[in-house]
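Reviewing the structure listed below.
The values are calculated or read from the model by the stated rules, or taken from the named source; none is laboratory data. Everything numeric in this text was worked out from a predicted model, so none of it was measured. Virtual Cβ from ideal backbone geometry, glycine too; neighbours counted across all protein chains shown.
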Amino acid sequence: MGNSHAARKCISEEIAEYLETAKRNYLENYEHPVKKPASLDEFKQLRTLGTGSFGRVMLVQHKKTSNFFALKILDKAKIIKLKQVQHTLNEKRILQAIDFPFLIRLEYSFKNEVYLFLGLEYVSGGEMFSYLRRKGRFSESAARFYASQVILALEYLHYLDLIYRDLKPENILLDPAGYIKIADFGFVKHVKYRTYTLCGTPEYLAPEIIQSKGYTKAVDWWATGVLIYEMVAGHPPFFADEPIEIYERIVIGKVTAPLIPNCKGPGDATNFERYREEPLKKSKINKFEAEFADF
């Protein structure tokens, strides 16, 4: 028992030391970013990997090194129109400062007359969403495997006072070894206490975001619960055709279970296995009276 307690204490101290070092490194990189200059001419454009509100993500290959990257191409005019300048600048600064195995890594950042470019590590396994749609749902062991990595990544971000706010299968990539990389840091924000911005994906929003009461990092844990449910059940716990209906269901908090048993009434026992019935024993003597005196 003593050795076990000492081992746990040692592990806790190592984790605390790791997180403290990670925070120091993050703050140093955030305040004093190391620039990795590049230009679009250095890359061979191969194909589009995805599209978004501000532009697209392209698979590119560095001409000199032959290394592959996911190049996020952001249209400056669209960013201005949607008033997302500060969000975009924050995304870049945070991406270049973080360093964790289950989070996407920024390798380059540059711009030209029309676009901003973020050169991210290329995670060739694709989106978790694609695998979930193909399989229908994951086994519990697979869901545990992915959820454990999500939890570690969120713990790291939260220790840095960062809130993620957009957890969903579309933003989780799988690397060639089958491990996750959380991508898309467009909604990540420094939050020490509370924030009030309404953002995220409807099915994954926590009630306090919808009700505009102000929220904390806890909303990421709500989204983690939704993610785990969706991985195992094949659909999120709250869904409907219109966002307003989704919000109502989330606030009410009544979850539709993934399996509804066929119960014919309050005394129905047809869902249980059949067993041979045996009559209960009777005795004139109170057996083991002393042993069960406190029952």
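For segment 175-192, residues that are assigned to a strand (DSSP E or B) and either of a type in the set (Ser, Thr, Tyr) or within 22 Å of Phe117 (Cβ to Cβ) (or both) total 2. Filtering segment 58-79 to residues that are part of a strand (DSSP E or B) and of a type outside the set (D, E, K, R) leaves Met58, Leu59, Val60, Gln61, His62, Phe68, Phe69, Ala70, Leu71, Ile73, Leu74.
Is it true that some residue in segment 79-100 is in the same structural domain as Lys192 (by TED's automatic domain parsing) and small (Gly, Ala, Ser)? No; the residues of segment 79-100 include none that is in the same structural domain as Lys192 (by TED's automatic domain parsing) and small (Gly, Ala, Ser).
Looking across segment 138-174, the residues that are part of a loop (DSSP other than H, G, I, E, B) and crowded, with 16+ Cβ neighbours inside 10 Å come down to Phe138, Leu160, Tyr164, Arg165, Asp166, Leu167, Lys168. The residues on offer are Lys83, Lys92, and the sole one that is out of contact with any Leu (no Cβ under 6 Å at 6 or more places or on another chain), exposed (fewer than 13 other Cβ atoms within 10 Å of the Cβ) and either part of a helix (DSSP H, G or I) or basic (Lys, Arg) (or both) is Lys83. Every listed requirement among (1) in contact with a Gly (Cβ under 9 Å, 6 or more places away or on another chain); (2) on the phi > 0 side of the Ramachandran plot is met by Gly253 save one, (1). Ser130 fulfils the conditions (1) more than 12 Å from the chain's Cα centre (by Cα); (2) farther than 29 Å from Asn25 by Cα; (3) buried (at least 21 other Cβ atoms within 10 Å of the Cβ) except for a single criterion, (3). Summed over segment 230-285, the residues that are among the aliphatic types (A, V, I, L, M) and touching a helix residue (DSSP H, G or I) at 6+ places or on another chain (Cβ under 7 Å) give a count of 6.
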